[in-house]
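Participant: Provided herewith is a single structure, encoded as structure tokens, for subsequent inquiry.
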Amino acid sequence: MSSQLPRRRTAPLSVAAGVAAALALPAYSAPPVPATQVWIDVANHNMANMPELGGMERMAMDMMGGDRSRPNYPTARKSSTTGQYLDIAILNRPRPGREVQAAVPEGLGLGPSLTLVPPPPVGESRTPGTPSDPPDVEITVREFWGCSGAVGPGQPKVSTYTVKGGVASVSGGMTPGRFEPDGAVEPTPAYALWPNPVYGQQVPDAASLVGTHRFTGDGIPASLRFELDRTADFMPRISLTSLGEGDAPIQLSWLPVERAKAYFLHAVQMEAPKEQGVNKASVTVWSSAETAGAGTALVDYLDASRIDRWLKQKVLLPASTTACIVPQGVFDTDKGMASMTMLDMVAYGPEVHLVHPAKPADPKLLAAWKPEWSARVRTKSTANLVLGMDVAAGRKQGQGQDAKKESTGKALLKGLLRRGL
């Protein structure tokens with residue numbers, strides 16, 4: 001089951017009415033698209049109660065096709081290990097798919113410049129042989145929400161997703177997904193990216209983006225130079241702790257995160273009991289929202305308008321929040337490795353937009369406005385932890401027990417990564 005939330009569809013009558021209304025309005029011209037665009041994603045991630053992973057961390061990176069010494073774009077949206085992450089993408093329409101040099105501040109700790117290169121073309125995926133019929137599957141999903149010691153009214157909402165004889169069906173009352181972040185760059189070979197397999201580097205923990213950034217290359221405008229201040233810098237790491245075992249309420253707490261605009265938490269527990277002839281799974285999901293339907297897709301970047309709207313709708317927690325309670329009975333953290341409960345948290349940071357030349361204040365000058373370049377910088381800080389695992393115990397396990405952790409955690413990590421939880 002994908003936790004990605006579907007986009008809302010519009011009824012045909014609504015579309016017709018919208019077209020008629022548009023025809024009655026004065027002509028509107030969209031703002032011009034700059035010839036050169038830069039997108040920068042900044043993230044800080046903390047595996048909160050597994051501070052010393054050792055060989056398990058290396059194993060996780062290998063399983064995802066990664067190399068900590070040579071990270072590859074994108075790294076910031078879905079960070080996998082503790083550390084700071086930086087993604088840069090540039091689309092230069094006059095000379096697409098060319099190498100670009102990015103001169104960066106000394107405080108970044110990655111040398112005087114970064115080399116951005118285009119990604120390789122994506123080949124067609126071919127599956128040899130005749131595809132077999134999908135196996136029979138039954139997945140029951142229980143949905144909870146809200147920061148409270150007790151489960152709220154109308155919870156849980158339960159749905160069952162079934163595939164039998166190749167036919168899929170859904171039953172129950174799961175809340176339709178209503179929220180889906182967007183704005184991510186989906187690069188093609190026309191882009192230039194960093195990090196990349198040739199020039200990628202791990203960002204140092206003490207790195208800073210504050211200072212002058214300048215881009216040069218074939219067809220890059222000479223004016224592509226801008227200053228970034230603390231608003232667009234790496235946010236502090238989330239210091240997240242949990243208290244509570246078994247099916248008792250789980251108390252989550254954290255220190256205030258500098259520059260955070262809002263917070264969101266989401267947790268998943270999966271069990272897969274074995275029954276003859278049927279693959280069954282039971283999935284329990286919970287979020288810190290006061291309304292149903294907010295899923296793990298929200299652990300992403302959000303723009304200011306969406307943050308403001310969802311704060312008013314109590315989907316997100318205010319920046320002043322430092323604690324949240326998972327209600328009693330939602331999760332049982334004593335079930336062992338086969339049903340570990342994984343929690344993700346995000347602190348949404350500022351989003352910076354730059355354009356050159358700046359948009360004229362005089363409406364009479366807009367028709368002649370032709371921006372040479374634009375840049376967008378998004379920031380966030382994230383954390384995850386295993387509910388019910390003590391921080392001190394996690395640290396002790398991380399010292400001198402790499403082989404044991406690899407053997408006990410490999411199957412679990414593979415399953416979680418394949419399911420995208």
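The values are calculated or read from the model by the stated rules, or taken from the named source; none is laboratory data. Values in this document were obtained by computation on a predicted structure and should not be read as measured data. Please note that ligands, DNA and RNA were not included when accessible areas were found on the heavy atoms of the full protein model with its side chains. Shrake-Rupley method; radii C 1.70, N 1.55, O 1.52, S 1.80 Å.
Participant: What number does the stretch 223-366 give for Rg over Rh if you use C-alpha atoms and the Kirkwood radius? Spell out each step's value before the answer.
Facilitator: Details: Rg = 20.5 Å, Rh = 18.1 Å.
Taking Rg over the Kirkwood Rh, I get 1.13.
Participant: Turning to a different aspect of this structure: Considering only protein heavy atoms, what is the solvent-accessible area of ARG237 at a probe of 1.4 Å, reported in Å² to the nearest 10?
Facilitator: Approximately 90 Å² of ARG237 is accessible to the 1.4 Å probe.
Participant: Quick one: what are the phi-derived ³J(HN,Hα) couplings along the stretch 191-200, Karplus 6.51/-1.76/1.60 with θ = phi - 60°, whole Hz, x for glycine and proline?
Facilitator: Karplus-based 3J(HN,Hα) across the stretch 191-200 equals 8, 10, 10, 9, x, 9, x, 8, 10, x Hz.
Participant: Counting heavy atoms of the protein chains only and a 1.4 Å probe, report the per residue accessible area for the stretch 182-313 as a whole number of Å². Display every interim value, and only then the final one.
Facilitator: Working: 5890 Å² over 132 residues.
Roughly 45 Å² per residue, with all protein chains present.
Participant: If you don't mind, another one. Not counting ligands, DNA or RNA, and with a 1.4 Å probe, what is TRP369's accessible surface area in Å² rounded to the nearest 10?
Facilitator: Rounded to the nearest 10, that gives 40 Å².
Participant: With the cut-off at 27 Å, tell me which of the pairs LYS164/LYS314; LYS280/LYS312; LYS78/LYS261; LYS78/LYS314; LYS78/LYS370 have Cα atoms farther apart than that.
Facilitator: Values: LYS164/LYS314 38 Å; LYS280/LYS312 38 Å; LYS78/LYS261 20 Å; LYS78/LYS314 24 Å; LYS78/LYS370 35 Å.
Distance filter (> 27 Å) returns LYS164/LYS314; LYS280/LYS312; LYS78/LYS370.
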